[in-house]
Amino acid sequence: MHRLLLVEDDRSISEMVGPYLEKEGYSVTYAYDGLEAEHKFQQAEPAFDLVILDLMLPQRSGMDVLQTIRAVSLVPVLILSAKDGEVDKALGLGFGADDYLSKPFSLIELTARIKAAIRRANYTVPAVTSTPAKDQRIEIGGLVVDVETYEVEREGVPVRLTSKEFGILKLFVTHPGRVFTKAQIYASVWNDSYYGDENIINVHMRRLREKIETDPSNPQYIKTLWGIGYKLEVEPK
C-alpha cells in the first residue's frame, strides 16, 4: 500500500480528498499546516511514497515545506494551488515539484496524477552502452552539452539546469532538426503519458531558455513552431 502525505489547511478539501484516496487503496496521513507537514514528513517510518502539497498554508508556506523536503528526499511532490505564479516557481525554479493541479480539480484526475508520479518515481533507467568520447560533448553555437556528465556551458560559462531542463535539452541536441510536440517531450522526459496540461512544458521550456539563450524572447536554439511544437534550429558540430 502506497503511503501519501496530504498537506491541506482547508479541512473541507482534506475531508473530500483523503477518504476518496483511501478507498482507492492508499494510506493517507493528514497535515493542516506547514510545520505539521514537515514534522510528519521527517518522522514518517516508512517514508511516504508521495506528498500532495497545498502552497497556501499557515505556519510555513508550501514553498518552504517543498524546500525542506527536497533537502533530504526525492519523493514525488504534487502541488495543489490556485496561484499560477507560485506553481511556476515550484515547477521551474529548481524547487523540485513533480506535477501540479489547479484548484478546483477532479478527484479522478488527481488519482491518475498520483499513480503516474509514483510510477515515474519507481521507473528504472535501463542500462546503456558506453558512448565514444567524441559523441558525449555536443557543440551548438556557443552551447556545449555533455550528455554523459550532465554538464552544460554557454560561451564557456557553466549553466546549472534541473534534471527536467537537462532532459529537455538533451532530447533536442541528440535529435537536431526534429520537431517534437509537447506530448512527445512529456513522454520522453517524464516517462509518462501526456494529460494535455501545457503549463508544465511551458514553464520548463521558459526556464531552460532563460538559462541557455542570450535573448529568451527570441531564442537561437530551441525554436517554437506555433500550433505544432519545438525543434532545435542550429545543427550541432
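The values are calculated or read from the model by the stated rules, or taken from the named source; none is laboratory data. Here the structure is a predicted model, which means the values were calculated and not measured. Using ideal geometry, Cβ is built from the backbone for each residue, glycine included, and neighbour counts are taken over all protein chains shown. In case anyone asks, the SASA skips ligands and DNA or RNA and just uses the protein heavy atoms, side chains included. Shrake-Rupley method; radii C 1.70, N 1.55, O 1.52, S 1.80 Å.
Listed values, structure above:
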{"quantity": "Inter-residue pairs, beta-carbon under 9 Å, first at positive phi and in the range 53-75, second of a type in the set (A, V, I, L, M, F, W, C) and surrounded by 23 or more Cβ atoms within 10 Å (Cβ to Cβ), 6+ apart", "calculated": "59/37"}
{"quantity": "Subset tally (residues that are in a helix (DSSP H, G or I) and open to solvent by 20 Å² or more (accessible area, probe 1.4 Å)) for the range 30-57", "calculated": "8"}
{"quantity": "Some residue of the range 88-103 being at pLDDT 80 or above, open to solvent by 10 Å² or more (accessible area, probe 1.4 Å) and more than 16 Å from residue 190 (Cβ to Cβ)", "calculated": "yes"}
{"quantity": "Matching residues in the range 153-166 - criterion: being in a loop (DSSP other than H, G, I, E, B), surrounded by fewer than 16 Cβ atoms within 10 Å (Cβ to Cβ) and under 21 Å from the mean Cα position of the chain (by Cα)", "calculated": "160"}
{"quantity": "Given (1) surrounded by 15 or more Cβ atoms within 10 Å (Cβ to Cβ); (2) more than 17 Å from residue 4 (Cα to Cα), number of the condition residue 78 does not satisfy", "calculated": "(2)"}
{"quantity": "Failed criterion for residue 60 (all others in (1) closer than 24 Å to residue 102 by Cβ; (2) not in a loop (DSSP other than H, G, I, E, B) hold)", "calculated": "(2)"}
{"quantity": "Scope the range 1-29; condition part of a helix (DSSP H, G or I), open to solvent by 10 Å² or more (accessible area, probe 1.4 Å) and closer than 14 Å to residue 110 by Cα; matching residues", "calculated": "13, 16, 19, 20, 22, 23"}
{"quantity": "The lone exception for residue 149 - which of (1) hydroxyl-bearing (Ser, Thr, Tyr); (2) in contact with a helix residue (DSSP H, G or I) (Cβ under 8 Å, 6 or more places away or on another chain); (3) open to solvent by less than 60 Å² (accessible area, probe 1.4 Å) it fails", "calculated": "(3)"}
{"quantity": "Answer residue from the range 167-194, given it is in a helix (DSSP H, G or I) and among the β-branched types (Val, Ile, Thr) and is nearest to residue 226 (Cα to Cα) among those", "calculated": "185"}
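Residues checked against (1) touching an Asp or Glu at 6+ places or on another chain (Cβ under 7 Å); (2) of a type in the set (S, T, N, Q); (3) farther than 24 Å from residue 119 by Cβ:
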residue	(1), (2), (3)
8	yes, no, no
18	no, no, no
21	no, no, no
54	yes, no, no
58	yes, no, yes
69	no, no, no
74	no, no, no
